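S.K.: This is the structure I want to talk about, given as structure tokens.
The values are calculated or read from the model by the stated rules, or taken from the named source; none is laboratory data. Quick caveat: nothing in here was measured; it's all calculated off a predicted structure. Here Cβ is always computed from backbone atoms with ideal geometry, including for glycine, and neighbour counts include all displayed protein chains. Protein only, heavy atoms only, side chains kept; ligands, DNA and RNA dropped before computing areas. Shrake-Rupley method; radii C 1.70, N 1.55, O 1.52, S 1.80 Å.
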Amino acid sequence: DKELTLQNEEDMYDKSIEQLPKALFSDKIELLEWEGFWSEPTIIKAAMKFKTTFQTEPNDVLLASSMKTGTTWLKAICACIMQGNKEEEDLLVKDNPHFHIPTIEAMNYFIKNPTQDLCTMHFPRLFHTHLPYRVLPDSIKNSDNCKIIYIARNPKDTLISMWHFFNHNHKRVEKNFPLEKVFECFCNGFHHYGPFFEHVLEYWKESKKKPQKILFLKYEDLKMDPKKEVKKIALFLGKPFDNEEDVEKVLWRCSLERLKNLEVNKSGSLFADIPNSSFFRKGVVGDWKNYMTPEMEEKLEKITSLKLQGSGLQL
Ligand code: A3P
């Protein structure tokens with residue numbers, strides 16, 4: 001009986017997905033539109049399940065971000081802080097940050113059986129999502145106990161990082177995503193988890209309304225003053241540092257240079273079609289200048305100022 005119910009549920013989700021608008025990202029990857037955002041069919045299905053079935057537990061922490069905005073770095077930092085920065089073995093040597101803090105809607109296990117697999121996580125649970133705020137389960141939105149940390153990044157670097165990611169790492173499709181195509185998609189809000197600006201603005205507005213619940217970070221701030229930002233994160237997580245040495249230790253453990261050169265990240269692979277190495281590239285602010293034409297720069301800047309106008313947010 002239970003199996004039949006599960007099968008019925010699967011069928012129901014599959015049916016809902018069939019009805020959704022679809023289009024090809026950069027002529028290659030099929031994306032569906034659900035609740036005003038775009039993503040791949042398996043992700044949308046997992047997002048639907050997540051929204052309808054998920055229940056928070058006390059002290060859950062949800063990390064949230066668009067793609068390519070510093071998710072891996074934030075995951076590494078939070079995993080280290082929660083571990084308590086003891087002298088014991090460094091978690092990050094053993095596994096990639098995405099292993100320690102799973103992205104709910106992208107994990108195979110979640111796609112299969114979300115509730116059961118989340119139950120086996122250690123407490124306090126730390127997980128991540130790329131989903132927009134509007135489709136988060138009510139139990140997360142309404143709970144005073146579940147904190148959210150969001151990381152944003154300037155749209156130009158985000159876009160260039162995304163373009164590299166698809167060209168170098170997407171093994172399912174031919175590796176040829178011309179910048180012009182990816183640029184057009186991004187500007188039109190048609191990309192994984194897009195539109196980008198709505199994604200950032202929703203979390204930004206919520207963080208203004210509920211600063212105790214949502215901590216809003218920027219990749220650029222983390223690069224500019226990492227100590228200050230990491231202390232902020234630790235405090236928010238209820239794990240303030242005792243001394244400066246510990247702050248430095250976390251930053252060193254989570255540095256791009258170190259993570260990039262760890263064996264697990266050089267050769268390992270957590271997702272079938274994405275090697276761990278693909279999460280570590282240059283990690284600099286302003287790399288877009290090496291790729292975008294002045295016309296692209298002008299167009300994206302116009303869109304950015306139009307979208308962010310009056311919000312008090314600068315990216
Ligand atoms: P670039 O492509 O600009 O180098 P995400 O983790 O959300 O997928 O974002 C990936 C971006 O974060 C990449 O940017 C990557 O190089 C950068 N990044 C990954 N780990 C980092 C770290 N430990 N410190 C700083 N930047 C990091």
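Each row is one residue, and each column tells you yes or no for (1) under 15 Å from the mean Cα position of the chain (by Cα); (2) over 30 Å from Arg253 (Cα atoms); (3) within 16 Å of the ligand (Cβ to nearest atom).
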position	(1), (2), (3)
Glu35	no, yes, no
Phe50	no, yes, no
Thr53	no, yes, no
Asp60	no, no, no
Lys68	yes, no, yes
Thr71	yes, no, yes
Gly84	no, no, no
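S.K.: Inside region 223-245, can you point out the residues that are part of a helix (DSSP H, G or I) and farther than 23 Å from Cys146 by Cβ?
M.R.: Lys223, Met224, Pro226, Lys227, Lys228, Glu244, Glu245
S.K.: Does region 234-256 include one or more residues that are in contact with a Phe, Trp or Tyr (Cβ under 6 Å, 6 or more places away or on another chain), surrounded by fewer than 20 Cβ atoms within 10 Å (Cβ to Cβ) and within 26 Å of Pro124 (Cβ to Cβ)?
M.R.: Looking through region 234-256, at least one residue is in contact with a Phe, Trp or Tyr (Cβ under 6 Å, 6 or more places away or on another chain), surrounded by fewer than 20 Cβ atoms within 10 Å (Cβ to Cβ) and within 26 Å of Pro124 (Cβ to Cβ).
S.K.: On to the next question. Within region 127-165, track down each residue that is more than 11 Å from the ligand (Cβ to nearest atom) and assigned to a helix (DSSP H, G or I).
M.R.: Tyr133, Arg134, Val135, Asp138, Ser139, Ile140, Lys141, Pro155
S.K.: Six or more apart or on different chains, Cβ atoms under 8 Å: show the pairs whose first residue is in region 256-284 and over 18 Å from Asn169 (Cα atoms) and among the basic types (Lys, Arg) and whose second is at pLDDT 90 or above and open to solvent by 60 Å² or more (accessible area, probe 1.4 Å).
M.R.: If the second residue must be at pLDDT 90 or above and open to solvent by 60 Å² or more (accessible area, probe 1.4 Å), the pairs left are Arg258/Trp252.
S.K.: Scan region 263-287 residue by residue and report those that are of a type outside the set (Gly, Ala, Ser), more than 10 Å from the ligand (Cβ to nearest atom) and closer than 12 Å to Pro97 by Cα.
M.R.: Result: Val264, Leu270, Asn276.
S.K.: Scan (1) surrounded by 13 or more Cβ atoms within 10 Å (Cβ to Cβ); (2) part of a helix (DSSP H, G or I); (3) not hydroxyl-bearing (Ser, Thr, Tyr) for the single condition Arg281 breaks and write down its number.
M.R.: Exception for Arg281: condition (2).
S.K.: Name every residue in region 291-300 that is without any contact (Cβ under 8 Å) to a residue 40 or more places away in the chain and open to solvent by 70 Å² or more (accessible area, probe 1.4 Å), in order of residue number.
M.R.: Answer for region 291-300, where residues must be without any contact (Cβ under 8 Å) to a residue 40 or more places away in the chain and open to solvent by 70 Å² or more (accessible area, probe 1.4 Å): Pro294, Glu295, Glu298.
S.K.: In addition: Is it true that some residue in region 1-22 is more than 16 Å from the ligand (Cβ to nearest atom), open to solvent by less than 50 Å² (accessible area, probe 1.4 Å) and at pLDDT 95 or above?
M.R.: yes
S.K.: Right, something else. From Thr56, Thr52, which residue is touching a residue at least 40 places away in the same chain (Cβ under 8 Å), among the polar types (S, T, N, Q) and in a helix (DSSP H, G or I)?
M.R.: Thr52
S.K.: Scan region 198-215 and give yes if some residue there is surrounded by 14 or more Cβ atoms within 10 Å (Cβ to Cβ), more than 13 Å from the ligand (Cβ to nearest atom) and polar (S, T, N, Q), otherwise no.
M.R.: Yes - at least one qualifying residue is present in region 198-215.
S.K.: Here is a follow-up. What residue, of Lys75, Lys49, is surrounded by 23 or more Cβ atoms within 10 Å (Cβ to Cβ) and of a type in the set (D, E, K, R)?
M.R.: Lys75
S.K.: Can you tell me how many residues within region 91-126 are surrounded by fewer than 19 Cβ atoms within 10 Å (Cβ to Cβ) and modelled with pLDDT under 85?
M.R.: Residues meeting the conditions: 14.
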